[in-house]
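K.L.:
Pasting a structure below so you can have a look.
The values are calculated or read from the model by the stated rules, or taken from the named source; none is laboratory data. Keep in mind the model is a prediction, meaning the values are calculated, not measured. So basically every Cβ, Gly included, is an ideal-geometry build from the backbone, and we count neighbours across all protein chains shown.
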Amino acid sequence: MPCSFIGAEMILAIITFLMMFITGSHTVDFCYDESHCDPYAWGDAFPSCHPILEEHHSPINLDHHMTRNESLEALHLDGFHAVHTGHWKLKNNGHSVVLEVGNGMSVSGGGLPGTYHTVQLHFHWGSLNTNGSEHTVDRHRYPMEMHIVNMKSSHPNLTSALDDPTGLAVLAFFIDLYYIENVHFGRISRLLPSIAYKGQTATVKPFPLIGLLPESHLSQYYRYHGSLTTPPCSQAVIWTMYEVPTYISWSQFEQFVTGIFSTEEDEEFVAHLHDNFRHIHPTFSRSVYASKDAKLLTATANHLYSPALSIFLLQLTLTVGIIYGL
């Protein structure tokens, strides 16, 4: 009898150990700069991140091989011009800087199959060499990329949305650099020291989100079906890639590069968070569409419509006018 009791105890201990091991395997984290957990190894811990033939993964390279769709007009960005009540939360999750925006904003139209509630926005950025965007344009990588994540209103939660091929609609904006500070973006960048380390959060007073976007060019975009660019890499995203970049200053960019860490504050070795982008994936048989007003990459590639350039030209005009008394 004692022997059988001891045996049962040992079996229970073994089962407990195995359960702890199995549970632990599901909490494996991911990274961007170590070979055992970088994007090329994500498929080992997250099977849906392992791309196989004809799967629709993101990001992709945007080139001239796309079809214009005259029905793709500007999206309706409801609540993006408003100042909402309550508070938003800015946090460092160890992989990005995330702004959770609460309720009150939604996205519809522009070929989307329904209304999508805005949930959060986050950023991907490079290191001092500035290459940090996830998507590329003719293989060119921008310094940063901002994603505004929206969930289809018919879903009660994210888990449900990820089982729907059109469960999420992500609005993606390239971010270019200039010497002038973006005052709207400053509402985020000035709080970065408060969330320098993984797990830290800060309260943000709501502001009109439209200020972060290239408002005059929101009818110029590209559209394709793809996936999340972080684990679990669910193929549940309708991507809207805006052609004209928004901008921030070099100093604002450097706040991300030098002031944000992927580790917790009390860890022995701290690591900067940068170059947090996934590698480019083939489009395979997917169609990539250009909106009715898109310039088919010319505007983006040549920066002809850069907001930063517009401001520079305006300032140059004012300066010349002052000098010559015009």
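K.L.:
Cβ-Cβ distance below 6 Å, separation of 6 or more or different chains: which pairs start in segment 29-46 with a residue that is over 19 Å from THR263 (Cα atoms) and charged (D, E, K, R) and end on one that is modelled with pLDDT under 95 and surrounded by fewer than 17 Cβ atoms within 10 Å (Cβ to Cβ)?
P.N.:
So the pair list comes out empty.
K.L.:
Please verify whether THR283 is assigned to a helix (DSSP H, G or I), of a type in the set (S, T, N, Q) and either touching a Ser or Thr at 6+ places or on another chain (Cβ under 9 Å) or at pLDDT below 95 (or both), treating the condition exactly as stated. Write out each step before concluding.
P.N.:
Numbers: assigned to a helix (DSSP H, G or I): no; of a type in the set (S, T, N, Q): yes; either touching a Ser or Thr at 6+ places or on another chain (Cβ under 9 Å) or at pLDDT below 95 (or both): yes.
In short, no.
K.L.:
From the list SER160, SER154, SER189, exactly one residue is surrounded by fewer than 18 Cβ atoms within 10 Å (Cβ to Cβ) and either on the phi > 0 side of the Ramachandran plot or touching an Asp or Glu at 6+ places or on another chain (Cβ under 9 Å) (or both). Which is it?
P.N.:
SER154
K.L.:
How many residues does segment 58-75 hold that are out of contact with any Leu (no Cβ under 9 Å at 6 or more places or on another chain) and either farther than 22 Å from GLU215 by Cα or not small (Gly, Ala, Ser) (or both)?
P.N.:
So in segment 58-75, the residues out of contact with any Leu (no Cβ under 9 Å at 6 or more places or on another chain) come out as 59-61, 65, 67, 69-73.
Subset that is either farther than 22 Å from GLU215 by Cα or not small (Gly, Ala, Ser) (or both): 59-61, 65, 67, 69-70, 72-73.
Going through segment 58-75 one residue at a time, the tally reaches 9.
K.L.:
Please go through segment 74-100 and pick out each residue that is within 24 Å of GLY226 (Cα to Cα), assigned to a loop (DSSP other than H, G, I, E, B) and out of contact with any Ser or Thr (no Cβ under 6 Å at 6 or more places or on another chain).
P.N.:
Correct list: LEU75, ASN93, HIS95, SER96.
K.L.:
Show the residue pairs meeting these rules: Cβ distance below 9 Å; 6+ apart or different chains; first residue within segment 63-77 and farther than 10 Å from LYS292 by Cα; second residue of a type in the set (Asp, Glu) and modelled with pLDDT under 95.
P.N.:
These pairs meet every condition: ASP63/ASP138; HIS64/ASP138.
K.L.:
Here's another thing I want to ask about it. Out of everything in segment 78-117 that is β-branched (Val, Ile, Thr) and touching a residue at least 40 places away in the same chain (Cβ under 8 Å), what residue ends up being farthest from LEU213 (Cα to Cα)? Steps first, answer last, please.
P.N.:
Step one: filter segment 78-117 for residues β-branched (Val, Ile, Thr), giving 83, 85, 97-98, 101, 107, 115.
Of the ones still in play, those that are also touching a residue at least 40 places away in the same chain (Cβ under 8 Å) are 83, 85, 97, 101, 107.
On the way: VAL83: 15, THR85: 21, VAL97: 17, VAL101: 15, VAL107: 14 Å.
Across segment 78-117, the extreme among qualifying residues is THR85.
K.L.:
Any residue in segment 147-162 that is under 15 Å from PHE256 (Cα atoms), outside any strand (DSSP E or B) and more than 14 Å from the chain's Cα centre (by Cα)? Don't jump to the end; show me each part of the working.
P.N.:
Initially, segment 147-162 is screened for residues under 15 Å from PHE256 (Cα atoms), giving none.
Scanning segment 147-162 turns up no residue that is under 15 Å from PHE256 (Cα atoms), outside any strand (DSSP E or B) and more than 14 Å from the chain's Cα centre (by Cα).
K.L.:
Mind checking which residues of segment 62-99 are out of contact with any Pro (no Cβ under 9 Å at 6 or more places or on another chain) and closer than 28 Å to PHE261 by Cα?
P.N.:
The answer is LYS89, LEU90, LYS91, ASN92, ASN93, GLY94, HIS95, SER96, VAL97, VAL98, LEU99.
K.L.:
Out of (1) over 17 Å from the mean Cα position of the chain (by Cα); (2) in a loop (DSSP other than H, G, I, E, B); (3) over 25 Å from ASN93 (Cβ atoms), what's the single condition that is false for SER216?
P.N.:
In the conditions (1) over 17 Å from the mean Cα position of the chain (by Cα); (2) in a loop (DSSP other than H, G, I, E, B); (3) over 25 Å from ASN93 (Cβ atoms), SER216 misses (2) alone.
K.L.:
A further question on this structure: Specify which of the listed residues (ILE180, ILE188) is of a type outside the set (Asp, Glu) and modelled with pLDDT under 95.
P.N.:
Checking each option against the conditions leaves just ILE180.
K.L.:
Turning to a different aspect of this structure: Pairs under 6 Å by beta carbon, first residue on the phi > 0 side of the Ramachandran plot in segment 248-268, partner of a type in the set (Asp, Glu) and in a loop (DSSP other than H, G, I, E, B), six or more apart or different chains?
P.N.:
none
K.L.:
Taking into account only those residues within segment 257-275 that are buried (at least 20 other Cβ atoms within 10 Å of the Cβ) and touching a helix residue (DSSP H, G or I) at 6+ places or on another chain (Cβ under 7 Å), which is nearest to LYS292 (Cα to Cα)?
P.N.:
My answer is HIS274.
K.L.:
Looking only at segment 176-209, count every residue that is hydrophobic (A, V, I, L, M, F, W, C) and more than 20 Å from VAL101 (Cα to Cα) and tell me the total.
P.N.:
2
K.L.:
Something else: So, in segment 38-95, how many residues would count as being farther than 18 Å from TYR242 by Cα and acidic (Asp, Glu)? Walk me through it before giving the result.
P.N.:
Going through segment 38-95, the residues farther than 18 Å from TYR242 by Cα turn out to be 38-57, 79, 81-95.
Among the residues that remain, those that are also acidic (Asp, Glu) are: 38, 44, 54-55.
Total meeting the criteria: 4.
K.L.:
In segment 35-82, which residue that is surrounded by 15 or more Cβ atoms within 10 Å (Cβ to Cβ) and small (Gly, Ala, Ser) is nearest to PHE174 (Cα to Cα)?
P.N.:
SER58
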